[in-house]
Every structure is written in C-alpha cells, then in structure tokens.
Amino acid sequence: MDRDDSFRGAPFGDARASAMPRDRITLRDHVREVEIGAFQEERGRRQRLRFDIAAEVTPDPGAAASDDVDGILSYDALVDAIDAELAAGRLNLLEALAERIAARILRHGRAALVFVRIEKLDRGPHALGVEIVRRSGTAGPDDGERIDGLRVVVHDDAVADLSAWLDDATTHGPTVILAAPGDARPRTGIAQAQRRIDLLATEIAAWRLAAQDPRCIVADTRTELVHLLRGAGLAVWAPSRLVLDAVDPPAAVDPRSLAAWLSDRLGAS
C-alpha cells in the first residue's frame, strides 16, 4: 500500500470505528522548509517537511446547504495551525510539532478528531516521519495564556541583600528574574561563540541565585516558567534554550535585551 492510499483509506485506524459518522477535511503534501532537529548538524540549516492532516468534524448540513464559510472548519485552519506552531519557536522533535498542531486544530469547536503526519524529506533517500491521532478533549492547555501583572526584572551584583530584594520583588506580583552575569568571562572574535558564552554566563548567574535562596528556582522552558509563576509566583530564567530555539531571537543577549525580549513573549512589563 503506498503512502497516498494509506492516507486516503483510514488514517484514524480504530479510533474511527466506534465514532459516529463525521465529515473529514484534509490537507495533503504541504511542504515547508523549516529548521528543526535535535542534532547539532541540524542547527542553522533548513530542511523540507511534508505535512498531511485530516480532521474529522461534526457535520452541519445547514452550513453546507447555505454555502456559509463561517459555519464550517475551514481548510485554512489546518494551514494556519502549521504556520502558528512553526512561528512559535524552534523544536527538536517532529513529535512535539505534531502534538502542538493537533492541539491547535482541536481547539476549534467543530473539530472532533485529527490525524497529523509529518515527514522529513532531506534526511536520506527516504521519508522519515511521525503520525499521531488525537481526539477532542485530549489536547493540552494553551501555553500561550498570559499571566496578569507579570514582571521581568534584572538582578545584578549591586543588590546587597538578596532576601530583602526578593521580598520586595514578589510583593508586586508574579516575577521572572533575569540574573545579570559579571564581566569575568571569555571574549572571542566569533559572534556565534560569544553569543553562546554570554548566554551560559547568564545561566551561571541564575544558578548562583538558586544557591543563595531556596525561592530562586531556575527554569529554562516557557512551560516551567508558567508553572512556577502560577504556583510560587517567582522564577529565575535560564535563557539559552528559549533563545536558541526561537524563530525570532533577540538581536543582543545582554540582560536588558533579554528581559525586554522575554517580557514581549510573555506579555509582561
């Protein structure tokens, strides 16, 4: 059975058998050039991905009969889901990208079941890929939610009493701390290497804070930052992962530039 036949036949497998009859909309052979991959050789280069998506939707004969585009799940919603997740940040795994695309489609009220296939086309004389099927109600929460009153603040060596400084910072609401590194770090004439060194220096400063006060818990992903902020209301940011995986990274990685960039992404002040 070739790839197209398996897609046209039953991409939902057993999940479809017990479901009530539904309509299906599909997107096939949608190819994009993307930077993705867990290996170092995949960083800094783009490779082709092929997307196949099928979404089962609750039928609405009235919408079809009235020829009203607002009453259906548009084909554009499938492409928009791909665009939005590719724009959200660089990922290492096809599995993570497929999960996020499926979750975004399932947040549409009409979508009941979604099949996502993503294949890498440039990793050899074959296609390497992943396929997932997800039902409505199984999609994870939208990690794009913003936290009211969130602030991003910079901590530097001028702070004499860390405990008192933390007390003051947390009285103003949920707070992300960016620890400013000192100047005692290697200097190179290679921009990419210097950028990594500067990011690592910021992470070392973050872990120094963690060693000084148990309230300073270091987080390097958006999910963990949000988790800490919704719980304790305080998090220390280790920036390397988010910055290096971003599709729109900050032009500079000094503390003020990093704080402004994270504030924009989280809707903070």
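The values are calculated or read from the model by the stated rules, or taken from the named source; none is laboratory data. All of these numbers come straight from a predicted model, not from anything done at the bench. Please note: Cβ atoms are built from the backbone with ideal geometry, for glycine as well, and neighbour counts cover all protein chains shown.
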**Study point:** Filtered residues of segment 179-223 (kept if under 13 Å from residue 239 (Cβ atoms), among the small types (Gly, Ala, Ser) and either touching a residue at least 60 places away in the same chain (Cβ under 8 Å) or not in a helix (DSSP H, G or I) (or both))
**Key:** 179, 180, 219
Review point. How many residues are among the charged types (D, E, K, R) and at pLDDT below 90 if we restrict to segment 242-269?
Key: 4
Review point. Any idea which residue in segment 79-120 is surrounded by the most Cβ atoms within 10 Å (Cβ to Cβ), counting only those that are β-branched (Val, Ile, Thr) and in a helix (DSSP H, G or I)?
Key: 105
Review point. Among the residues of segment 242-261 satisfying the criterion of being out of contact with any Leu (no Cβ under 7 Å at 6 or more places or on another chain) and surrounded by 21 or more Cβ atoms within 10 Å (Cβ to Cβ), which is farthest from residue 218 (Cα to Cα)?
Key: 261
Exercise for review: Scan segment 247-260 for residues that are closer than 14 Å to residue 199 by Cα and either touching a residue at least 60 places away in the same chain (Cβ under 8 Å) or not aliphatic (A, V, I, L, M) (or both) and jot them down.
Suggested key: 249, 250, 254, 255, 256, 257, 258, 259
Review point. So which residues in segment 109-124 are without any contact (Cβ under 8 Å) to a residue 40 or more places away in the chain and farther than 17 Å from residue 49 by Cβ, if there are any at all?
Key: 109
**Study point:** Subset of segment 221-238 [touching a helix residue (DSSP H, G or I) at 6+ places or on another chain (Cβ under 7 Å) and either within 23 Å of residue 168 (Cβ to Cβ) or outside the structural domain of residue 169 (by TED's automatic domain parsing) (or both)]
**Key:** 233, 234, 235, 236, 237, 238
Practice item. From the list 239, 181, pick out the single residue that is surrounded by 19 or more Cβ atoms within 10 Å (Cβ to Cβ), within 22 Å of residue 40 (Cβ to Cβ) and either at pLDDT 85 or above or of a type in the set (S, T, N, Q) (or both). Key: 239
Exercise for review: For segment 3-14, indicate whether the set of residues that are modelled with pLDDT of 50 or more, closer than 22 Å to residue 94 by Cβ, aliphatic (A, V, I, L, M) and assigned by TED's automatic domain parsing to the domain that holds residue 114 is non-empty.
Suggested key: no
